[in-house]
Amino acid sequence: MHFSIPSTQEFGSDGSGSSYTGFNIHINGSFHCCLRYKQLHSLHEQLKRSLPSIALPSFPPKKLLSLTPNQIEQRRLSLERYIQLVGQDPVLCRSELLRAFLLNAQQESSFTECSEVTLDVYLMNGYRISANVYTTDCTSKVLEKACALIDLPKDRACYFALYLMRKEASGELTIVKRLMDFEAPYISAKRWDECKLVLRTGYWDPCYDLELMRDRIALNLLYIQALSDVERGWILTTRDLSEQLTNMQARGSKSEYLDVVRKLPLYGCLQFPRAHVDFPEPNTLATVVLGNKELNLLTYVGKEAQESKFKVTRIRCWRVTPIHINEEQQQSTVVNGRQQQSSQPAPSSHSSTISLELSFEYLMAKNQLKWITIYSEQSMLMSVCLQSIVDELLNQKNGSDPAHLQNPQHVEYAPLSYIRRDGSNHCITDSSSTDTLCNLVNNDSSSNNGTSNQVTYQQHSTTNHGSSFIRRKLKEFNTTVRFKNGKDSVQNEAFEWIGDDDL
């Protein structure tokens, strides 16, 4: 997970008569939640108790007196470094406790009350699946409900994922983000209201197709996705082969169709809009494609496509550089799913221009490494995809199936105690179900004694203006993080497999 805390917000009274600072937490490039220091400290203490064998990073110390602006900025930097280190740890970042905490934090920050709604999930051909879900259901729960409606067996659902996709004015589809299990699709989709939830395969190696093709429903999903990708030009074909595929489609020969397209270039890949790259020449316009253990750059000379292939196992490292242009800039770089940063302060303004770039160091030949840069606003998603490909490669090396990557690590731990911003403390007994703040909010609202456990951020009394102020301020945070580039990078774990015979 790519964590960052690019800015803070000062909020009004929390019920005790004092104002407080909220830290805006971004995950994988977009705003996720706004948390107080004490909420993050509570998470730290619970992680420490629940995972005693893990060496947690040190948590920024408490202060007895009110903080000055400079101290708040230093706390922001310290909390950002802490949460980034948590995201780097393979056990911590996949722990059920962290997932449940982030899910509840998203719900609280978005002011989403738990209720049953109809959420539309689309297949790649536009077919709509209308699923009855809770507004606070996590991604895996929504995926499970959507798959059940089309009779996809539960043991096959883990091979699929939910994406937010946007249809451009040109008619082309753009993949905005892949939804993770620490977020609620209903809430995330509301933030990107121009996007649709789309069901696609969630793995990268086409070898998993063979398992899915044994099931009729899964076979249909693969077929629908392949048809769409061919029609959109995401899978390259020749004119003769295109006619052959059209004939197979007319005959309804789904397995035969898939057998052919699975051998074609770019099958099973995700395609990104054209971007400028510095390979093979500076300022080259190319389409970026990720999948099949490769990063591909497609350039066009006339109508003829030229392909530059970069094997993921020969990428030594990579980094994403989001740049926030301002007088005062924080410096940070996301590298292989991790961040490195300087101590420069970050701006609190949100009006500056942001550009993103993905740079990776590639083994061009023996003992010859070269940095290649892609300038794209989707660099963060490309980085997430690269890390996912590496995770799948390592997962295959360990002999596990995709379900191992999809499901969070289940360990025995005490029930999650989630502290809200108003200071009330609530126990979450089953974070994988709808027992997030969902049911707790309903319980609180039915309380008749007006105790401090009531949810102040959901009250709409004319005497309490703090919650509406928070709502208004949080609406500003929908998109990318705001950073300037750094220099450090870390090793790609899959890169270590390469020997002289592979070059």
*asked:* I'd like to know if the range 138-150 contains one or more residues that are of a type in the set (Gly, Ala, Ser) and on the phi > 0 side of the Ramachandran plot.
replied: no
*Members of the range 303-313 found to be within 21 Å of residue 365 (Cβ to Cβ) and not in a strand (DSSP E or B), listed by number*: 312, 313
*Identify the single condition in (1) in a helix (DSSP H, G or I); (2) touching an Asp or Glu at 6+ places or on another chain (Cβ under 6 Å); (3) surrounded by 19 or more Cβ atoms within 10 Å (Cβ to Cβ) that residue 217 does not satisfy, given that it satisfies every other one.*
(3)
*So which helices (runs of 4 or more DSSP H) stay within the range 95-212 end to end and still have 1 or more residues that are surrounded by fewer than 18 Cβ atoms within 10 Å (Cβ to Cβ) and not charged (D, E, K, R)?*
139-149, 209-212
_If I filter the range 282-304 down to residues being more than 23 Å from the chain's Cα centre (by Cα) and among the small types (Gly, Ala, Ser), which single residue comes out as farthest from residue 202 (Cα to Cα)?_
302
*Looking at (1) more than 26 Å from the chain's Cα centre (by Cα); (2) surrounded by 15 or more Cβ atoms within 10 Å (Cβ to Cβ); (3) charged (D, E, K, R); (4) at pLDDT 90 or above, find the lone condition where residue 307 falls short.*
(4)
*Single match in 368, 344, 339 (criterion: at pLDDT below 50 and either open to solvent by 60 Å² or more (accessible area, probe 1.4 Å) or under 19 Å from residue 313 (Cα atoms) (or both))*: 344
*Can you work out which of the residues in the range 395-419 that are modelled with pLDDT of 75 or more and in contact with a helix residue (DSSP H, G or I) (Cβ under 6 Å, 6 or more places away or on another chain) is surrounded by the fewest Cβ atoms within 10 Å (Cβ to Cβ)?*
395
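The values are calculated or read from the model by the stated rules, or taken from the named source; none is laboratory data. All figures in this text were calculated on a predicted structure; none of them were measured in a lab. Glycine also receives a Cβ, built like all others from the backbone with ideal geometry; neighbour counts cover every protein chain displayed. What goes into the accessible areas is simple: the full protein's heavy atoms, side chains included, and nothing from ligands, DNA or RNA. Shrake-Rupley method; radii C 1.70, N 1.55, O 1.52, S 1.80 Å.
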